[in-house]
Amino acid sequence: QVQLVESGGGLVQAGGSLRLSCAASGRPFSSYAMGWFRQAPGKEREFVAAIGWSLLYAESVKGRFTISRDNAKNTVYLQMNSLKPEDTAVYYCAAGKAIATITRTNGIDYWGKGTLVTVSS
């Protein structure tokens, strides 16, 4: 079992920045590919970014968001810059066996409970 706890969400004005953190406990953190998804009201959960042996980003966040991980701290981060109102969503941390499949919700083995990001215009 892996437990994931997100933090760092909040209210920010458009153009601002936030950094989300996801602390993991349980099985060896370094063996998992890690990712971030988000779900806006009334919409399906969508892939945002992933990190394993490579980095993957959704087109909508490329150049604005950066995913990173610190295996010594069992933590993955999502630095979000130039935020837009359409980035408003609950952001979920996710762990999966391979970066090749972590971009899909059915490729996720563990989910966090999410943290709300609200971007005002």
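The values are calculated or read from the model by the stated rules, or taken from the named source; none is laboratory data. Here the structure is a predicted model, which is why all the values come from computation and not from measurement. Note that we place each Cβ from the backbone using ideal geometry, even for glycine, and neighbour counts take in every protein chain shown. Accessible surface is based on the protein model in full, side chains and every heavy atom, while ligands, DNA and RNA are left aside. Shrake-Rupley method; radii C 1.70, N 1.55, O 1.52, S 1.80 Å.
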Practice problem: Give the Rg/Rh ratio for the chain, taking Rg as the radius of gyration of the Cα atoms and Rh as the Kirkwood radius, to two decimals. | Solution: 0.94
Quiz prompt | Label point at residue 44 placed 7 Å out along Cα→Cβ; residues across the range 91-107 whose backbone nitrogen lies under 20 Å | solution = 91-96, 100-107
Quiz item: How far apart, in nm, are two points set 7 Å out from the Cα along the Cα-to-Cβ line at residue 11 and at residue 86?
Solution: 2.4 nm
Quiz item: If Lys and Arg each add +1 and Asp and Glu each add -1, what is the summed charge of the other residues whose beta carbon sits under 15 Å from the beta carbon of residue 32?
Solution: +2
Self-check item: Mean accessible surface per residue for the chain, computed with a 1.4 Å probe while every protein chain stays in place, in Å²
Solution: 51 Å²
Practice problem: Summarise the accessible area of the chain (1.4 Å probe, protein heavy atoms) by the percent that is carbon and sulfur. | Solution: 50 percent
Self-check item: Karplus (6.51, -1.76, 1.60) ³J(HN,Hα), θ = phi - 60°, over the range 31-47, in Hz, Gly and Pro reported as x
Solution: 7, 9, 6, 10, x, 10, 10, 9, 9, 8, x, x, 10, 6, 5, 10, 5
Practice problem: Provide the FRET efficiency to the nearest 0.05 for the residue 19-residue 62 pair, computing r from the beta carbons and using R0 = 22 Å. | Solution: 0.80
